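A short worksheet on the structure shown next.
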Amino acid sequence: MELSQYLDIFLEESKEHLETINNQLVELERNPENIEIVNEIFRSAHTLKGMSATMGYEDLASLTHQMENVLDMIRNHKLAVTSTLLDVVFQSVEYLEAMVFSIADGGDGKKNVTDVVELLIKIEKGENVENSTKVTQASGTNDYTYDSYEVTILEQSEEQGYSPIEITVTLRKDCLLKAARVFMVFEVVEQIGEVIKSTPPVQQLEEENFEESFTITMVTKEEQDEIKERIMKVSEVEMVEIKTIHTKNLQVSQTSKVDQAEQVVEIEQAAIQAAPAIEPITKAEPVANTKGVQTTKTIRVSIDRLDGLMNLFEELVIDRGRLEQISKELNESELIETVERMSRISNDLQNIILNMRMVPIETVFNRFPRMVRQLARELGKKVEIEIIGAETELDRTVMDEIGDPLVHLLRNAIDHGIEMPDARRALGKNEEGKITLKAFHSGNHVFIEIVDNGGGISKQKVLNKAISRGIVSPQMADSLTDQEVFQLILSSGFSTAEVISDISGRGVGLDVVKNTIESLGGSITIDSIEGKGTTFSIQLPLTLSIISVLLTEIEKEKYAIPLSSIIETAIIKKEEVLTAHGQEVIDFRGKIVPIVHLEKVFHVNKEESKESNLYSIVLVKKGEKMAALVVDSFIGQQEVVLKALGQYLNSTFAISGATILGDGQVALIVDCNALIK
């Protein structure tokens, strides 16, 4: 029997079962007496075992079989659920995920699973495996792979002129205070760059749980010889090796690897109607068949086909705009009526296609409980995660990009936000910290909030750090609002961490979070109460392909400003323009707003004879900040298709893309975020 034709289905269903197992294991740790949860895990494991055996993936099947034996003993009350047992099962699932990813990448799915199988057998026999699990976990961390977020940081740092390097430091064998020497080495490297990661992790280095060597991954602008010379000055350092990291060849760790296999979207096959509405399967309603049995019919469609359909529809939107323009010029009633009808139908079609691309955000959220559990255990903290609004839907394109920023914000909340259990008890708090991950729709946007009940952000500490780094002046610091102060932690290279941590980066992370979100047309705001907790709020557009804009004109050039960034438009007299610190500003309802002349930004040559006594301005926002963009005139609101400028023009300042208008002209889409300082 030819099994290759079933490979896509096998991969898709395997990932679904592994996701179920992961989520239910986290739930089982909270409710160890709930046998129904164990039954749910057992069913998924049993199905995965059968599928793997049928497809010929023996390592996958044998590991699942052994895991199934342990689960069977738990549900028959022969084994009690303990943290050590769950550690081994979680490790088994990591191995299973690695094998499935290997198959998805064209591999054979083989893996040496002897160590974890032996642990499962010991558990089945009732033997103690606590020491064994610690050894396995320690050895598992000592690799030189990077998760996808660390790769992003290294790549973006390299683009900004930094050199990504790995520094391997070897201490003398007779070194007595290894942790102290490690601290001194980190003191040196912190002065010359930013630490991204250490191998082994910092916690193991502090506990002296390593041999003589350790590796620091960092970005810097210093010469390698200079770095080596400075580190060698630390006593009891025997050798320093420095290797340049080639970001294009970086190996991404399997457990954090983004699913690169063919993605599919399940679409409800609705009854044939005049205007059928197609929704994702998560919203599918049961359809009554002729026998009166309630069933839901679904089909799997490759995301590539949906992308192709979206591209064709984008061309249709451009032609629709052209037809509307022609019908206005000819003023033929029948033509106008036909075009209006076509516009209504195409609007319905647009809604259907966009809905087909919408994916519940739970596909991203579901991996976080396990990650939070693992990080909390590594840091010796107790953290509960609550997920609200996982059914909220977001365009698949946006979904692909938002995962890594959320991972970093959660790591930051666990590492820097939530206090240690004894510190929380001393403050009269519950020793278990809580992180709430919430998603909801509002208008044409999706909001994602990460809320923690930890120590909050110290406004004074942030200001002191910002002043010492030269990000703000002491005079400017006095006039900043709380919101503006908190936004400073998103500045490039900013960090208030007093100790090095490989959990949440060294200050080159939060600015990447901000840049990623703004590149999606979104924004991030921070609210915090010291001693109470912090809230990161992310605003994202529902979709990136078709956006609503205000068309404006400068001389004979047309510029589109996204409506999501606009507060309002106005016409003001030149006499109303003031000057402050050499910058033109206006008083907008009691708030001083800087003026930005788009003709100067985009070097548009204007005829002096057209100079007017009035300014047409567009008030735009970026978080709490605003700017007034000066244009010649307003054309009107329009839905346009966002087209990328291509690799040669993608770095053009303050331009996020272009669109083709109904009359065939090209309008550039203004990136308001780049214009607001």
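Since every read-out is calculated from the coordinates, none of them should be taken as a lab result. Keep in mind that this is a model prediction, so the values were computed, not measured. In this analysis, Cβ positions are derived from the backbone assuming ideal geometry, glycine residues included, and neighbour counts consider all displayed protein chains.
When N counts the residues of segment 2-62, how does its alpha-carbon radius of gyration compare numerically with 2.2 N^0.38 Å, as a ratio? Intermediate results must be reported in sequence, preceding the final value.
Details: Rg = 13.2 Å, N = 61, 2.2 N^0.38 = 10.5 Å.
Normalised Rg, Cα atoms only: 1.25.
Along each principal axis, taking the top coordinate minus the bottom one, the Cα set of segment 588-677 gives 40, 36, 24 Å in descending order. Can you pull a Stokes-Einstein diffusion coefficient for segment 507-646 at 4 °C (1.567 mPa s), Rh from Kirkwood over Cα pairs, as a whole number of µm²/s? After rounding, the answer is 75 µm²/s.
Using R₀ = 30 Å, calculate the FRET efficiency as 1/(1 + (r/R₀)^6) where r is the Cβ-Cβ separation of residue 575 and residue 527; round to 0.05. That pair, residue 575 with residue 527, gives E of 0.20.
Tell me, in nm to one decimal, what length is gained between residue 666 and residue 155 on full extension, where the rule is 0.36 nm per residue of separation less the Cα-Cα distance?
180.7 nm
Pairs exceeding 32 Å between alpha-carbon atoms, taken from 514/574; 438/600; 434/465; 15/514; 573/625; 438/465: 514/574; 438/600. Taken over segment 363-541, the alpha-carbon convex hull comes to 118 cubic angstrom per residue.
Shape annotation for segment 2-119: C-alpha extents along the principal axes are 43, 26, 19 Å, from largest to smallest. In this Cβ point-charge picture (+1 for Lys and Arg, -1 for Asp and Glu), segment 148-255 has a dipole of about 120 debye about its Cα centre.
With one equal scatterer per alpha carbon and no solvent term, the Debye-computed log10 I(q)/I(0) for segment 59-107 at 0.33 1/Å reads -1.19. For 146, 6, 162, the sequence from fewest to most other C-beta atoms within 10 Å is 6, 162, 146. In this rough spin-label picture, where each label sits 7 Å from Cα along the Cβ direction, the residue 604-residue 206 distance is 5.6 nm. Kirkwood radius, segment 148-255, all distinct C-alpha pairs, inverse of mean reciprocal distance: 14.3 Å.
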